[in-house]
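Asks: Encoded as structure tokens, here's the structure I'll be asking about.
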Amino acid sequence: LGYADALANWGACAQIAWNAGFVLHLGPKEYLTSTTAYIRSRTGVSGEGDRVSGIKAVDGFDGNIIDTETFVALRAAAAIENDRGVLLQPILKDFYIDGNRSRFGGTVSATNGIGVRLYCRIPAITNLRIAYCAAHGMQTALDHAAQPASFNSLDHTRIGFVDGLTIMDCGYEGWIFQGPA
């Protein structure tokens, strides 16, 4: 996909893969990024382990590492009771994110400096380590009104999971969870 350490373009490569509907696999190394990657439904990242495969923000980066492109708009439109625009089944598995907080290049706000920001349903997050983000390690949201009438929290085909999430040494909260359980 054109990744090169000298270009520090992991986010741009992930975007190519996700726009095509693929889950991106990370090899056993640290990938550098200077670009926010906007995850799509049923795509994501899989690595070789949270101590082996990783993504690190380059010096001066001032965005989020992995984000939902329309996060702010989806939060604002939460009164709409449908799944339009909501991410479905994002996958984050067996890798780490280093937000490079000591070299963050911008002013930290509620919308930047976050490791992972997802407005989603049915996430699959396993063995993910997030560290050194300027703001939060992770922010997830799915507002109550965004549940369509057909949504039943006891329907196991519609339940996501988080297993083995480690968040440490971030500038603000570790994980901000907003929305229904």
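The values are calculated or read from the model by the stated rules, or taken from the named source; none is laboratory data. Source: prediction; values computed, not measured. When we count neighbours, we look across all protein chains shown, and the Cβ atoms used for this are built from the backbone with ideal geometry, even at glycine. Surface accessibility is based on the protein's heavy atoms, side chains included, excluding ligands, DNA and RNA. Shrake-Rupley method; radii C 1.70, N 1.55, O 1.52, S 1.80 Å.
Asks: Measuring with a 1.4 Å probe in the full set of protein chains, what accessible area per residue, in whole Å², belongs to the chain?
Replies: Per residue, the chain has 46 Å² of solvent-accessible surface.
Asks: Quick one: Karplus J couplings for the range 101-112, per residue in order, coefficients 6.51, -1.76, 1.60, θ = phi - 60°, nearest Hz, x for Gly and Pro?
Replies: 3, 5, 10, 4, x, x, 8, 5, 9, 6, 10, 9
Asks: Within the chain, which cysteines find no other Cys whose Cβ is under 4.7 angstrom from their own?
Replies: When partners are defined as cysteine Cβ atoms under 4.7 Å apart, the chain leaves CYS13, CYS120 without one.
Asks: While we're here: I need the phi-derived Karplus couplings for the range 61-67: 6.51 cos²θ - 1.76 cosθ + 1.60, θ = phi - 60°, integer Hz, Gly and Pro marked x.
Replies: 5, 10, x, 9, 6, 10, 9
Asks: Check which residues have an amide H placed less than 5 Å from ILE55's amide H, if you skip close sequence neighbours.
Replies: Correct list: TYR31, TYR96, ILE97, ASP98.
Asks: By accessible area of protein heavy atoms, probe 1.4 Å, what ranking do TRP10, TRP175 get, highest first?
Replies: The ranking, largest first, comes out as TRP175, TRP10.
Asks: On to the next question. Would you please give the residues with an amide H less than 5 Å from that of GLY160, counting only those at least 5 places away or on a separate chain, with H modeled from the backbone geometry?
Replies: ILE122
Asks: Taking R0 as 35 Å, what FRET efficiency do you get between VAL52 and ALA77 from their Cβ-Cβ distance, rounded to the nearest 0.05?
Replies: 0.35
Asks: Tell me the carbon and sulfur percent of the accessible area for the range 7-131, rounded to whole percent, probe radius 1.4 Å.
Replies: Ligands and nucleic acids excluded, carbon and sulfur give 52 percent.
Asks: Shifting gears a bit: Hey, can you grab everything whose amide H is under 5 Å from the amide H of ALA141? Only 5+ residues off in sequence or another chain; H modelled, so Pro and N-termini drop out.
Replies: Result for ALA141 returns LEU118, TYR119, CYS120, GLN178.
Asks: Okay, moving on. With everything on Cα atoms, drop me the angle between helix 10-19 and the longest principal axis of the chain, reported from 0 to 90° to the nearest 10.
Replies: 30
Asks: Now a separate question. Using a 1.4 Å probe and counting only protein heavy atoms, arrange SER46, SER53, SER34 so the residue with the most accessible area comes first.
Replies: Output order, biggest surface exposure first: SER34, SER46, SER53.
Asks: Taking the Cα centre of the range 46-126 as origin, work out the dipole magnitude from +1 charges on Lys and Arg Cβ and -1 charges on Asp and Glu Cβ, in debye rounded to 20.
Replies: Magnitude of the dipole: close to 120 debye.
Asks: Run the helix sum for the chain: -39,500 (n - 2.57) per DSSP H stretch of 4+ residues, divided by residue count, reported at 222 nm to the nearest 500 deg cm²/dmol.
Replies: So the calculated ellipticity at 222 nm is -2500 deg cm²/dmol.
Asks: Related question: From the square roots a ≥ b ≥ c of the eigenvalues of the alpha-carbon gyration tensor of the chain, which class results: rounded (a/c under 1.5), prolate (a/b over b/c), or oblate?
Replies: Here the chain falls in the prolate category.
Asks: Keeping every protein chain in place, order THR43, THR35 by accessible area at 1.4 Å, biggest value first, i.e. largest first.
Replies: Accessible-area ranking of THR43, THR35, largest first: THR35, THR43.
Asks: Could I ask something else about it? Sort the range 1-96 into rounded, prolate or oblate with this rule: let a ≥ b ≥ c be the square roots of the eigenvalues of the Cα gyration tensor; rounded if a/c is under 1.5, and if a/c is not under 1.5, prolate when a/b is larger than b/c, oblate otherwise.
Replies: The shape class here is prolate.
Asks: While we're looking at this one, here's another question. How big is the Kirkwood radius of the range 64-135, worked out from every pair of different alpha carbons and given in Å to one decimal?
Replies: In the range 64-135 this quantity evaluates to 13.4 Å.
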